[in-house]
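Engineer: Have a look at this one before I ask anything.
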Amino acid sequence: MIETTIDRENNLIIATARDTLSEADFENLSDTINDYINSTDRAPGIVLNAEDLPHWKNAAALFAHFKLVRDHQNVLPKVALVSDSTALSIMPSLVDHFVKAKVRHFPQEDMNKAVEWAETVDDYTSAIKMIDGMPADVIAYEVVGTLSSHDYKDVLTPLVEEKLKTHDKVKILAVFGDAFDGATASALWDDAWLGLGHIAAFSKLAVVSDIDWIRHGCRIFGPLIPAQLHVFDSSDLDAAKEWIKS
């Protein structure tokens, strides 16, 4: 069984594991993490509290555990493992080579220290990396990591509105390469609202990506956009820069 406690103020989820763990336990924990990310647009720190080494109920539970790790290891910033179990104490040194999240072990008596370490209140880092060397009417950027609502509210929307003070139209060059890890639901919503709120503000949109769902999305929604939209392969970044400048 896994019991979860959510601390929104400190951007934290505490999961306490007891006895035998089932497939549903891991699926519920995964849903809790996903719901938290989609509702807050922040990836929480995780504290996994297990006094003893838990046991999987069956093979389905084992695979559900692996799926939980696979689906979230690139998103979660910190995982604190709190346990006096010898087997669990060595786990961080084993998994540290395979997962992106920072993993650290704490004994049971240091539960408070584990919570303090796992808190990620100020860990937000923009996924927007600006591309230099563009004309004044062009906003050019690459998305690195997970695109969140913060990136629209704190970076993209203010940039568009600032450009519109001195230009009638704005051009966008957006690159989604190998470093792009996806977007939160709130980010996709804000992307739609940025487009709708400034639908007449864009003259050209260049999207550079080999990712299928991004390319398909451009083909589907492109005809609805009054601006010129061109999708380039990742290998054609230089051509995209020349096109957006013209």
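The values are calculated or read from the model by the stated rules, or taken from the named source; none is laboratory data. Predicted, not measured: the structure shown is a model, and the values here were computed from it. Note that we place each Cβ from the backbone using ideal geometry, even for glycine, and neighbour counts take in every protein chain shown. Accessible surface is based on the protein model in full, side chains and every heavy atom, while ligands, DNA and RNA are left aside. Shrake-Rupley method; radii C 1.70, N 1.55, O 1.52, S 1.80 Å.
Engineer: Order the peptides 35-41, 220-226 from the highest to the lowest mean number of other Cβ atoms within 10 Å of their residues.
Structural biologist: Descending mean neighbour count gives 35-41, 220-226.
Engineer: Just check the stretch 1-54 against the gyration tensor rule for me: Cα atoms, a ≥ b ≥ c as the square roots of the eigenvalues, rounded for a/c under 1.5, and otherwise prolate or oblate depending on whether a/b exceeds b/c.
Structural biologist: oblate
Engineer: Could you give me the ³J(HN,Hα) list for the stretch 43-49, computed from phi with Karplus coefficients 6.51, -1.76, 1.60 and θ = phi - 60°, whole Hz, x at Gly and Pro?
Structural biologist: Here the 3J(HN,Hα) series is 8, x, x, 10, 10, 9, 9 Hz.
Engineer: For labels at Ile199 and Leu62 in the simple 7 Å Cα→Cβ model, what's the distance in nm?
Structural biologist: Each label point lies 7 Å from its Cα, and together they span 5.4 nm.
Engineer: So how compact is the chain: Cα radius of gyration and Dmax in angstrom?
Structural biologist: 21.6, 65
Engineer: Counting only residues 5 or more places away or on other chains, whose amide H sits under 5 Å from the amide H of Arg42 once H atoms are built in the peptide plane?
Structural biologist: none
Engineer: In the chain, what % of DSSP beta bridges are antiparallel (nearest 5)?
Structural biologist: 20 percent
Engineer: Can you give me the accessible area per residue for the chain, using a 1.4 Å probe, in Å²?
Structural biologist: 55 Å²
Engineer: Right, here's the next one. With no solvent and one equal point scatterer per Cα, compute the Debye intensity ratio I(q)/I(0) for the stretch 107-172 at 0.12 Å⁻¹ and report its log10, rounded to two decimals.
Structural biologist: Values returned for q = 0.12 Å⁻¹ are -0.47.
Engineer: What percentage of the solvent-accessible surface of the stretch 1-92, computed with a 1.4 Å probe over protein heavy atoms, is contributed by carbon and sulfur atoms?
Structural biologist: Carbon and sulfur together cover 53 percent of it.
Engineer: Please list the non-local residues whose amide H lies under 5 Å from the amide H of Phe202, H modeled 1.01 Å from N, same-chain partners needing a gap of 5 or more.
Structural biologist: Val170
Engineer: Compute the FRET efficiency between Asp71 and Gln228 as 1/(1 + (r/R0)^6), taking r as their Cβ-Cβ distance and R0 = 45 Å, and round to the nearest 0.05.
Structural biologist: So, using R0 = 45 Å, E works out to roughly 0.75.
Engineer: Right, something else. Under 15 Å from a label point 7 Å along Cα→Cβ of Glu109: give me every residue in the stretch 48-84 with its amide N that close.
Structural biologist: Counting backbone N atoms under 15 Å from the label point, the list is 83-84.
Engineer: What does the helix-only formula give at 222 nm for the chain: each DSSP H stretch with n ≥ 4 adding -39500 (n - 2.57), the total divided by the residues, and the result rounded to the nearest 500 deg cm²/dmol?
Structural biologist: -10500 deg cm²/dmol
Engineer: Can you compute the modelled spin-label distance between Lys169 and Glu27, with each label point 7 Å from Cα toward Cβ, in nm?
Structural biologist: Output for this residue pair reads 5.1 nm.
Engineer: Sorted by mean Cβ packing within 10 Å, highest first, what order do the peptides 131-140, 6-15 take?
Structural biologist: Packing proxy ranking, top to bottom: 6-15, 131-140.
Engineer: From the Cα gyration tensor of the stretch 124-246, with a ≥ b ≥ c the square roots of its eigenvalues, which class applies: rounded if a/c is under 1.5, or else prolate if a/b is larger than b/c, or else oblate?
Structural biologist: Rounded, because the longest to shortest axis ratio a/c is under 1.5.
Engineer: Assuming R0 = 51 Å, what is the FRET efficiency of His55 and Ile211, from their Cβ-Cβ distance, to the nearest 0.05?
Structural biologist: Calculated value: 0.85.
Engineer: When we measure straight from the Cα of Lys57, which aspartates and glutamates land under 19 angstrom away, once same-chain ones fewer than 8 places off are left out?
Structural biologist: By straight Cα distance, Lys57 reaches Glu3, Asp19, Glu23, Asp25, Glu27.
Engineer: Long-range amide H contacts for Ala140: which residues qualify at under 5 Å (H placed 1.01 Å from N, peptide plane, sequence gap of 5 or more or a different chain)?
Structural biologist: The list, which skips near neighbours in sequence, is Ile131, Leu173.
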